[in-house]
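Asker: Take a look at this one; I'll ask things after.
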Amino acid sequence: MASSPTTTDGPAGRPAPARLRAGARRAAVPPFQVMRILDRVERLRAAGRDVISLCAGEPSGGAPDDVHRLAAEAHGARAELGYTGALGGRELRAAIAGHYRRWYELDVAPEQVAVTTGSSGAFVLAFLAAFDAGDRVALARPGYPAYRNILASLGCEVVEIDCGPGDRFQPTVARLRQAVADGGPLAGLVVASPANPTGTMVSRAELDALAGWCAAEGVRLVSDEIYHGITYPDDPAAPGARGVCAWEADRGAIVVSSFSKYWGMTGWRLGWALMPDALAPAFDALAGNVALCPPAPAQVAALGAFTDAAYAQSDQRVAGFARTRALLLGQLDRLGWGTVAPADGAFYLYADLGERLGPFADATAWCEALLEEAGVALVPGGDFDGAHGDRCVRLSFAAGADAVAAAVERIVAFQQARC
Ligand SMILES: Cc1ncc(COP(=O)(O)O)c(C=O)c1O
């Protein structure tokens, strides 16, 4: 955020001279609400309160054992761990390419993989490589706020596509056509499947339709596949059960993914992009200038994410999410909320509070009261949907079955008393 005019940024801690601007206009992006809530959770816990936090999008349990083993070996051997190539070390790029063969039966060349600092780093590179200031880029509302905020700070025009329960909270070709008719051509479309906050997925047919329309209209598709592998299909062996990769539909898309969620490696700060050939030189040049290279220790360790044992461990964690999800869905009647997104994947339940909003002005006030009075932290929907999110909450069930079961009891009691 822009620094306030009352800072002591001037010489020797004195107020900054009047001619020093408080901050660039482009920097005025809203902070993540979830960080503010996490801060409050910490303060309450420090004061001795028992708080159940279902707000962070973070799987518990950490990285697979093979990742830890390789990290320990590298550190034990005092490996040099200097700069790698700007787009990551060759071995890791090849291992990521192998992942596409394993999960999607796709041939990806190591040179088509850009290793980045989390998928967040991949988004910045993708947006810089693909879009100019002033370009119109569409995305779903509700959606992950960072896309909107990064694009806006890069000077792009963010075109929010209102995606309600009727569209399973995902963009459709009809709505994209309408956006073009209303405001002019689009340069890009960001799709996330499974999505945050709704967990909804696009089917192979839907992704084919979106990718086909993008290709025909000259719209660059950016596909966020960070929650692939965390899905709850009826038939786990069915094609596309882990999520459909946009490169199955069109290699002109930029695919973005990460070690953060399926492998539980949020703090290792490692993700990647699959780059369309035409954009690879731009990615390379930008990556070298922005960050020199992704973190070398994490790259060495991340090779351990692609062993059979690591996939098995991660799948076990997903099985745990599935049990928690089933428990939560079994409690929906008691919670009495309105529209609830289908939660096909990821570990979020996004719901309109409906009648249960009770006397509260909006979901922000409801969440504040729930946290202070009942000790349960959820995220209000405003960050994800500036138009309708003020009646919605996101619950992350990554914290596990015990935490979710206890939270449901507290929420039901809170609602009985207050709503
Ligand atoms: C939909 C989505 N995309 C991207 C990210 C960024 O994750 P990371 O930078 O850790 O890969 C997140 C984080 O929660 C997310 O929910």
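Bear in mind these aren't lab numbers, they're just calculated from the coordinates by the rules spelled out. Worth saying up front: this structure is predicted, and the values here are computed from it rather than measured. All Cβ positions, even for glycine, are placed from backbone atoms using ideal geometry, and neighbour counts span all protein chains on display.
Asker: What pairs come out if I take residues in region 341-365 that are among the β-branched types (Val, Ile, Thr) and pair them with residues that are buried (at least 21 other Cβ atoms within 10 Å of the Cβ) and in a helix (DSSP H, G or I) whose C-beta lies under 8 Å away, six or more apart or interchain?
Answerer: Taking only residues 6 or more apart or on different chains, the pairs are Thr364/Gly382.
Asker: Given the conditions (1) among the polar types (S, T, N, Q); (2) touching an Asp or Glu at 6+ places or on another chain (Cβ under 7 Å); (3) surrounded by fewer than 22 Cβ atoms within 10 Å (Cβ to Cβ), and given that Thr231 satisfies all but one, which numbered condition is not satisfied?
Answerer: With (1) among the polar types (S, T, N, Q); (2) touching an Asp or Glu at 6+ places or on another chain (Cβ under 7 Å); (3) surrounded by fewer than 22 Cβ atoms within 10 Å (Cβ to Cβ) applied to Thr231, the lone miss is (3).
Asker: A further question on this structure: Within region 254-290, track down each residue that is among the aliphatic types (A, V, I, L, M) and either under 25 Å from Phe347 (Cβ atoms) or under 16 Å from the mean Cα position of the chain (by Cα) (or both). Steps first, please.
Answerer: Quick first cut of region 254-290, residues among the aliphatic types (A, V, I, L, M) only: 254-256, 265, 270, 273-275, 278-280, 282, 285-287, 290.
Matches in region 254-290: Ile254, Val255, Val256, Met265, Leu270, Ala273, Leu274.
Yes/no matrix, rows are residues, columns are (1) away from the ligand (no atom under 16 Å from the Cβ); (2) among the small types (Gly, Ala, Ser):
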| position | (1), (2) |
| --- | --- |
| Val137 | no, no |
| Asn149 | no, no |
| Glu157 | yes, no |
| Val190 | no, no |
| Pro197 | no, no |
| Ser203 | yes, yes |
| Asp224 | no, no |
| His228 | no, no |
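Asker: Here is a follow-up. Give region 197-210 a look and list any residue that's surrounded by fewer than 24 Cβ atoms within 10 Å (Cβ to Cβ) and assigned to a helix (DSSP H, G or I), or say none.
Answerer: Passing the criteria: Arg204, Ala205, Glu206, Asp208, Ala209.
Asker: Got a number for residues in region 114-141 being touching a Gly at 6+ places or on another chain (Cβ under 7 Å), under 27 Å from Val173 (Cβ atoms) and not small (Gly, Ala, Ser)?
Answerer: Total satisfying the criteria: 4.
Asker: Moving on. For region 270-296, which residues satisfy the criterion of being assigned to a strand (DSSP E or B) and within 13 Å of the ligand (Cβ to nearest atom)?
Answerer: Just the residues of region 270-296 that are assigned to a strand (DSSP E or B), to begin with: 271-274.
Once the filter is applied, which keeps residues that are assigned to a strand (DSSP E or B) and within 13 Å of the ligand (Cβ to nearest atom), region 270-296 yields Gly271, Trp272, Ala273.
Asker: Which of the residues belonging to region 249-269 are in a loop (DSSP other than H, G, I, E, B), among the hydrophobic types (A, V, I, L, M, F, W, C) and more than 8 Å from the ligand (Cβ to nearest atom)?
Answerer: Restricting attention to region 249-269, the residues satisfying the condition of being in a loop (DSSP other than H, G, I, E, B) are 250-253, 259-265, 269.
Next, from what is left, pick out any that are among the hydrophobic types (A, V, I, L, M, F, W, C): 253, 259, 263, 265.
Residues satisfying the conditions are Ala253, Trp263, Met265.
Asker: Let me ask you something else. For region 134-152, does any single residue satisfy the condition of being acidic (Asp, Glu) and assigned to a helix (DSSP H, G or I)? Reasoning before the result, please.
Answerer: At the first step, the residues of region 134-152 found to be acidic (Asp, Glu) are 135.
This time we only want the ones that are assigned to a helix (DSSP H, G or I), so: none.
No, there is no match, as no residue in region 134-152 is acidic (Asp, Glu) and assigned to a helix (DSSP H, G or I).
Asker: Let me ask you something else. Would you confirm whether or not region 353-361 contains a residue that is in a helix (DSSP H, G or I) and surrounded by 24 or more Cβ atoms within 10 Å (Cβ to Cβ)? So that I can check it myself, show each step before the final result.
Answerer: Looking only at region 353-361, we keep the residues that are in a helix (DSSP H, G or I), and these are 354-357.
Still in the list and also surrounded by 24 or more Cβ atoms within 10 Å (Cβ to Cβ): none.
No, the conditions are met nowhere in region 353-361.
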